[in-house]
Every structure is written in C-alpha cells, then in structure tokens.
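Engineer: Sending over a structure as structure tokens; questions will come in a sec.
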Amino acid sequence: MNLSTVSLLKCPICSAQMQADDTGKSVRCKGEKPHCYDLSRSGYLNLTHPKDGVGDSKAAVQARRLFLSGGYYKPLSDRINQILEEQCVHSVLDAGCGEGYYTNRMQNGKREVLGIDLSRDGIDAAARYAKQNQTGVCFAVGSIFTLPVQAEAFDAVTNLFAPCAEQEFLRVLKPGGTLILIGAGERHLFGLKETLYEDPYLNPGRADLPAQMRQIDRQRLTYTINVEGEEQIAALFSMTPYYWRTSEADKQKLHGLTSLQTQVDFDIYLFRKDPIQ
Ligand SMILES: [Zn+2]
C-alpha cells in the first residue's frame with residue numbers, strides 16, 4: 001500500500017490518522033494507544049469495525065470475477081475512466097468495489113485509487129489482481145457506511161451497484177468533489193428476463209439517489225452483449241437481484257442454454273458536493 005494512500009485512512013476504532021510503520025508490513029494509527037493493522041499477503045488492510053457485519057460470499061465473488069473477466073462490461077469501465085478524466089480526478093475512492101474489476105482499471109498511472117468493500121473475499125481477489133498486474137490500486141476491507149477514511153480526502157467517489165451511503169460520501173469528498181453513481185437502467189438485462197419470464201418488467205431505477213448533493217449530469221450507456229457458455233450465463237444470472245426472486249421452474253429455463261443475447265443498460269449519475277456546505 002503506498003504511503004500517500006495510507007495517510008488518507010483513519011483508524012476504525014479510534015478515528016486517528018494512520019501511518020505506515022518501518023517494516024512496510026503493517027500500518028498503525030496515531031492514537032494515544034496505537035492500533036496496529038497488518039497487511040495481508042495479497043496486500044490489503046482489514047479496517048473493519050466489529051459492528052460492521054460481513055460482505056459478499058466467496059461464491060458470489062467468484063461468479064462476478066468469472067463474468068467480468070469476459071469483458072462484457074468493459075465499455076462501462078471505459079466510460080467511468082473517461083468521466084474521471086473529464087472531471088480532472090486525481091484521487092478516487094471506489095465505495096463498495098467488490099472484487100475490484102472497475103477499480104483496478106481506474107488508475108492507469110494517473111491517479112490515486114482506493115477500493116473499499118465489506119467482502120474480505122472480494123478485497124482479497126482485488127488486491128491479488130492489483131499485485132500481479134501492478135495496477136497501483138490500494139484496497140481495504142471496510143464498511144461504506146463507516147468508511148475508514150479521513151474527511152475531505154478524495155476528489156471523487158464511485159459507487160457501482162452498491163448502496164449509496166450519502167452522509168459518508170459527503171464527508172470523505174473534497175469540497176466541489178464528484179460522486180459517480182451507477183445503477184441498472186430500465187432495460188438492463190432485458191434479454192435475460194425475456195428468457196426467464198412470461199412477462200418481463202422494466203427496472204425501476206435507483207431509488208437511493210443523494211438528497212443533499214447537486215446532480216450535474218445523467219448519462220445512459222446501453223449496448224447488446226452475447227454471453228457465451230452455460231457457466232458465464234449462470235455467473236451473470238447469479239449477480240442479479242432476480243436470482244433471488246426467480247422460481248425454480250423459471251430458473252430451469254437457463255439450463256442447457258449455451259448462448260444468451262441481451263441488452264445491457266446502465267444509468268450513470270454525476271453529483272457534486274457543493275464547495276460551501
Ligand atoms: Zn486507533
């Protein structure tokens with residue numbers, strides 16, 4: 001973990017600022033009775049508070065990795081990077097980063113990137129990828145509702161398909177900073193739903209948009225993907241909220257399917273933290 005990113009963190013127990021120790025294998029807080037956190041073998045920090053709960057399971061993380069490695073959502077990743085460029089973002093926090101597919105593609109040698117997620121398996125996968133591919137991105141296990149991050153530390157926060165923790169995002173953004181929020185558009189995965197249901201419905205859109213920030217842009221990104229192979233199709237399906245709502249009889253419709261063509265549809269919202277609050 002690089003030193004400048006460590007200085008943006010705060011201790012989840014006593015809220016003091018963090019600093020790397022001499023060994024480079026752990027960080028400790030500057031509190032009166034310092035708390036010490038060891039870097040994992042893959043290079044992430046566990047900054048959870050005992051009250052934080054747990055994140056996504058290993059199976060969910062593996063399914064997402066399998067699907068995303070197919071490159072189906074690369075155009076979304078490219079669009080996010082383009083927005084970071086346009087907004088002149090030098091430091092970004094990916095809040096709820098999962099296994100870090102988008103996060104590891106954000107840096108490109110240009111900016112400081114920190115990914116935080118409650119799933120230890122997700123962060124471990126993200127950190128391993130970062131280490132192997134030298135993406136320069138740092139990762140920590142932590143809750144997005146109690147971010148282990150200093151106030152006004154980041155130019156931008158990204159929030160992809162994760163809950164919007166508006167108060168925390170406001171706290172950690174610099175004045176004038178940007179929140180980039182991604183949600184499923186109304187026709188997202190419509191082809192998948194046509195396969196599953198007699199009467200597919202349109203998605204309602206995100207209901208948790210920030211109330212105290214100013215919306216500065218809304219973009220839509222939509223295209224068609226061809227998902228190849230039963231395994232990839234099953235991985236995609238397991239990533240969706242429909243997975244939990246679909247009857248066994250309907251789930252059977254995907255068995256034996258080797259190719260699935262579907263529209264993807266992303267809503268991209270940009271919100272600004274006003275310089276004076
Ligand atoms: Zn502490």
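Engineer: A127 passes all but one of (1) part of a helix (DSSP H, G or I); (2) touching a Leu at 6+ places or on another chain (Cβ under 6 Å); which number fails?
Structural biologist: Evaluating A127 over (1) part of a helix (DSSP H, G or I); (2) touching a Leu at 6+ places or on another chain (Cβ under 6 Å) leaves (2) as the failure.
Engineer: Scan the stretch 70-84 and give yes if some residue there is on the phi > 0 side of the Ramachandran plot, free of Cβ contacts under 8 Å to residues at least 12 places away in the same chain and more than 14 Å from the chain's Cα centre (by Cα), otherwise no. Before you say what the answer is, go through the steps one by one.
Structural biologist: The initial filter retains those residues of the stretch 70-84 that are on the phi > 0 side of the Ramachandran plot, namely 71.
Pick out the ones that are also free of Cβ contacts under 8 Å to residues at least 12 places away in the same chain and you get 71.
Restricting the remaining residues to those that are more than 14 Å from the chain's Cα centre (by Cα) gives 71.
The answer is yes, given that some residue of the stretch 70-84 is on the phi > 0 side of the Ramachandran plot, free of Cβ contacts under 8 Å to residues at least 12 places away in the same chain and more than 14 Å from the chain's Cα centre (by Cα).
Engineer: Need at least 3 residues that are within 15 Å of the ligand (Cβ to nearest atom) and either under 24 Å from V157 (Cα atoms) or not charged (D, E, K, R) (or both) per element, so show me which strands (runs of 3 or more DSSP E) inside the stretch 1-90 make the cut, counting only ones lying wholly within it.
Structural biologist: 18-20, 26-29
Engineer: Condition first: under 17 Å from A140 (Cβ atoms), among the charged types (D, E, K, R) and more than 26 Å from the chain's Cα centre (by Cα). Now tell me which residues in the stretch 16-29 satisfy that.
Structural biologist: D21
Engineer: Just to be sure, is I276 at pLDDT 95 or above and aliphatic (A, V, I, L, M)?
Structural biologist: So I276 does not fit the description; no.
Conditions (1) surrounded by fewer than 14 Cβ atoms within 10 Å (Cβ to Cβ); (2) under 19 Å from Q87 (Cα atoms); (3) in contact with a Phe, Trp or Tyr (Cβ under 9 Å, 6 or more places away or on another chain), marked per residue:
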residue	(1), (2), (3)
T146	no, no, no
L189	no, no, yes
M213	no, yes, yes
R220	yes, yes, yes
Y223	yes, no, no
D250	no, no, yes
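Engineer: Looking at the stretch 164-206, which of the residues that are in a loop (DSSP other than H, G, I, E, B) and touching a helix residue (DSSP H, G or I) at 6+ places or on another chain (Cβ under 7 Å) is nearest to D52 (Cα to Cα)?
Structural biologist: A165
Engineer: Continuing with the same structure: Would you be able to say whether some residue in the stretch 39-50 is closer than 15 Å to V149 by Cα and surrounded by fewer than 17 Cβ atoms within 10 Å (Cβ to Cβ)?
Structural biologist: Yes, some residue in the stretch 39-50 is closer than 15 Å to V149 by Cα and surrounded by fewer than 17 Cβ atoms within 10 Å (Cβ to Cβ).
The values are calculated or read from the model by the stated rules, or taken from the named source; none is laboratory data. Given the structure is predicted, the values throughout are model-derived calculations rather than measurements. In this analysis, Cβ positions are derived from the backbone assuming ideal geometry, glycine residues included, and neighbour counts consider all displayed protein chains.
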